[in-house]
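A.B. asks: Below: one structure in structure tokens.
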Amino acid sequence: MSSQKYTFAIFGVFFTESAVLGNWIPRIPDIKENLGLSVGELGFSLFAMPLGTLLGLFIAAKIIEHIGGLRRACQVFVPLWALSFILPAFASTQWEFVLFLFISGGTVGLVEVAMNTEADRIEQLYNKKIMSRCHGFWSLGSMVGALTGGLLAQAGVAVSTHFAIVFVLLAILGFVVASRLPKPEKLVVEEPEPVSAPIIRLPSKAIVLLCILPIGSMVVEGAFIDWSGVFMRTILDASPLIIGITYSFFAIVMAAVRLSGDHIRERFSEQLIVQVSGIAAFAGIVLFALAPNIIVAFIAAALSGMGVAVVYPLAITAAARRPGRSSADNVASITMISFSAFLFAPPIIGLLSELFGLRIALLLLSPLAISSFFLSAQINPLPDTEKSAAD
């Protein structure tokens, strides 16, 4: 019974974290208009979040250790992430907007490491695969958040009112579900690192290429989160509700694949799954960039959602079990690289769209989208000789 309780608790953490981001998606065009930003200025401003995330990821393992473990970190940082995202809605200048996004970015970096490492520990404690389903609930959260944001935007609710109410509720929900996670003594505790270990650590040799593997899928996912709304409004003249529905279509397909991902892993090799995912992500982003109407954009969103669904969860699990360092360090390393790509891609798209237009900027992501196909062998366990070297 406790196994099911803890499993649903970690599902709830993933759901809540992404619901914050989901509410943000349909409101990006509104904030852009409220601040009078051009596409390029919006792209520049969005750089602040990945910069903050990088800082959070660099120090995550040490912060989690000092704060009292993964459960406590989730209790603190999931609500803080939700509350921090209220700030961008109240920005009156571009530079305030940049500062507030930097703060939010730092918080989500800490959340990402804590919840992914906790998911892997629960997985090992009960010997059941849950990582893909955790990320499935992440997709469900982003879908529900996007629909909520889209409906409130369509109804004309101000961004500041929307964020002040919804994110406070999500902060409370985040604390409640994190409090139901297993206490530290119920988990397999790894040998702690010496106190003198550095606060900032770079990826070990054993996981460098594995860290690069999910970049393509994360870039495509980040593009849909930050630019699908702007693309649908400016290129396809879509309403806020249609924008929310389009992203939700992307998210629900991604969620469906992730929720069945643990069963898919039992039937097919992880390398094959990554290869098929890379092809789907490539086809989806190309079709979306070239979409002549909303119907084609829906189809492209679904194909992209299928392509990006399971590569990152598979890579997280593989990294957590690679030798050489603690699982928190390994998860921090892969999250630092792949999640930063996820956050850095949107502002780069903004800058590229100033030069070439938004369609071409999205189309330029296609080589990255297919890269996981060529790196798919990295998902496999290390040979014994390489394990010994890593240890």
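Here, each number is a calculation from the coordinates, and none is a lab measurement. A quick note: this is a predicted structure, and the numbers were derived from the prediction, not measured. All Cβ positions, glycine included, derive from the backbone under ideal geometry; neighbour counts span all protein chains shown.
A.B. asks: Nearest 10 degrees is fine. How inclined is helix 48-67 to the longest principal axis of the chain, computing both from alpha carbons?
C.D. replies: So the helix axis and the longest Cα principal axis differ by about 30 degrees.
A.B. asks: Going by how many other beta carbons lie within 10 Å of each one, how would you line up T335, T234, T107, fewest first?
C.D. replies: Taking fewest neighbouring Cβ atoms as first place, the list is T234, T107, T335.
A.B. asks: Take the chain, connect every pair of alpha-carbon atoms lying under 10 Å apart with a spring to form a Gaussian network, then pick out the residue of L70, L213, L125 with the largest mean-square fluctuation.
C.D. replies: L125
A.B. asks: Could you give the Stokes-Einstein D for the stretch 197-319 in µm² per second, using the C-alpha Kirkwood radius, 20 °C, 1.002 mPa s?
C.D. replies: So the translational diffusion coefficient is about 140 µm²/s.
A.B. asks: Let me ask something additional. So how strong a dipole does the chain carry about its Cα centre when Lys and Arg Cβ are +1 and Asp and Glu Cβ are -1, to the nearest 20 debye?
C.D. replies: With only Lys, Arg, Asp and Glu charged at Cβ, the dipole is about 640 debye.
A.B. asks: With θ set to phi - 60°, apply the Karplus curve 6.51 cos²θ - 1.76 cosθ + 1.60 along the stretch 304-317 and write out the HN-Hα couplings as whole Hz, x wherever there is a Gly or Pro.
C.D. replies: Each residue's phi maps through the Karplus curve to give 5, x, 5, x, 9, 4, 10, 5, 5, x, 5, 5, 4, 4 Hz.
A.B. asks: Moving on. Quick one: pull the percentage of alpha-carbon pairs in the chain with a separation above 37 Å.
C.D. replies: When all Cα pairs of the chain are counted, 14 percent exceed 37 Å.
A.B. asks: Another question, then. Tally Lys and Arg at +1 and Asp and Glu at -1 over the other residues with C-beta under 11 Å from the C-beta of W81: what net charge comes out?
C.D. replies: Counting the neighbours of W81, the net charge comes to -2.
A.B. asks: Can you quote the Å³ per residue value for the convex hull of the Cα atoms in the stretch 31-132, rounded to an integer?
C.D. replies: Spread over its residues, the Cα hull of the stretch 31-132 gives 105 Å³ apiece.
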